[in-house]
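Okay, structure first, notes after.
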Amino acid sequence: MYDQRLFMKTLSRFSVVLPEHHDLDAAALAELTRSVTAVLGLGGSGVTMAEEGQLQFVTAVSPDSKELERSQEEHQEGPCRDAYETGEVVRVTDVRQESARWPDYSATATRLGVAGVAGIPMRDGGEVIGALNIYSREPRVWSDEDIAVAVVLAEVATSYVLNAAKLHDQEQLSEQLQQALESRVVIEQAKGITAQRKSVTVDHAYQLMRGHARNNHASLRTVAEAIVGVGLQV
């Protein structure tokens, strides 16, 4: 279960804190690992980014997370690698039982006392440019809600990284990102409300919202605002 209040606070923090940093790439990704670890109550997290088809370690929230990310960089195996290659989220309840799939990575995780892992692809449009790894000390069945939170935070951090070169127009960038954050927040709130009302998964709730938006020639944000603000049911 994620901390919703901390999640909303974290989204706002991205738009306020990060533009003050000169080294925006590093700041955004470090903020991502700290944020996702706190919001989801994780044992750790880390980021690897692609360079000529190989994943390279960038940042991690703890020494153990760093060692796991380094293992993926050295052996080019693990959930981050699979998420990067497939473009899909990789969920593993207990990586210590995946020795046949990722022998070196599994051995490192076992030694460090890490069990649950998930790899989240980081995208630039249709291209996967890296991956976020999240870790749990105990076996963890990653819920749709867990993954949705991690994906949102990864998307926000990636947006900052990709726009770092445009910071000469910082005011315009901050405004655009603030609007994107506000839109993402209300959509995530609406997904949670709809999922609870309908007793369905967050992914199913999102599909219901998209269908309603298409059928009524409305934007997804407009539908989300109506769900949150006036109790629209889809």
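The values are calculated or read from the model by the stated rules, or taken from the named source; none is laboratory data. Keep in mind that what you see is a predicted model, and the values were worked out from it rather than measured. Note that we place each Cβ from the backbone using ideal geometry, even for glycine, and neighbour counts take in every protein chain shown.
Looking at 135, 84, 105, just one residue is surrounded by 22 or more Cβ atoms within 10 Å (Cβ to Cβ), in contact with a His (Cβ under 9 Å, 6 or more places away or on another chain) and not in a loop (DSSP other than H, G, I, E, B), and that residue is 105.
Does the range 139-158 contain any residue that is among the small types (Gly, Ala, Ser), closer than 23 Å to residue 90 by Cα and modelled with pLDDT under 85?
Of the range 139-158, the ones among the small types (Gly, Ala, Ser) are 143, 148, 150, 154, 157.
Those still in the list that are closer than 23 Å to residue 90 by Cα too: 143, 148, 150, 154, 157.
Then drop every residue that is not modelled with pLDDT under 85, which leaves 157.
Yes, there is a match, as at least one residue in the range 139-158 is among the small types (Gly, Ala, Ser), closer than 23 Å to residue 90 by Cα and modelled with pLDDT under 85.
What are the residues in the range 211-221 that are in a helix (DSSP H, G or I), without any contact (Cβ under 8 Å) to a residue 24 or more places away in the chain and closer than 20 Å to residue 181 by Cβ, if any? Scanning the range 211-221 gives a single hit, 213. Among the residues of the range 38-78, those identified as farther than 22 Å from residue 128 by Cα and assigned to a helix (DSSP H, G or I) are 38, 39, 40, 63, 64, 67.
Among the residues of the range 86-123, those that are touching a strand residue (DSSP E or B) at 6+ places or on another chain (Cβ under 9 Å) and of a type in the set (Asp, Glu) comprise 88, 94, 98. Across the range 67-99, the qualifying residues are those that are more than 18 Å from the chain's Cα centre (by Cα) and small (Gly, Ala, Ser), and the one among them that is nearest to residue 55 (Cα to Cα) is 71. Is the range 69-85 home to any residue that is in contact with a strand residue (DSSP E or B) (Cβ under 7 Å, 6 or more places away or on another chain), within 29 Å of residue 6 (Cβ to Cβ), of a type in the set (Gly, Ala, Ser) and assigned by TED's automatic domain parsing to the domain that holds residue 158? Looking for residues that are in contact with a strand residue (DSSP E or B) (Cβ under 7 Å, 6 or more places away or on another chain), within 29 Å of residue 6 (Cβ to Cβ), of a type in the set (Gly, Ala, Ser) and assigned by TED's automatic domain parsing to the domain that holds residue 158, one finds at least one in the range 69-85, hence yes. Here residue 200 qualifies as surrounded by 15 or more Cβ atoms within 10 Å (Cβ to Cβ), assigned to a loop (DSSP other than H, G, I, E, B) and at pLDDT 90 or above.
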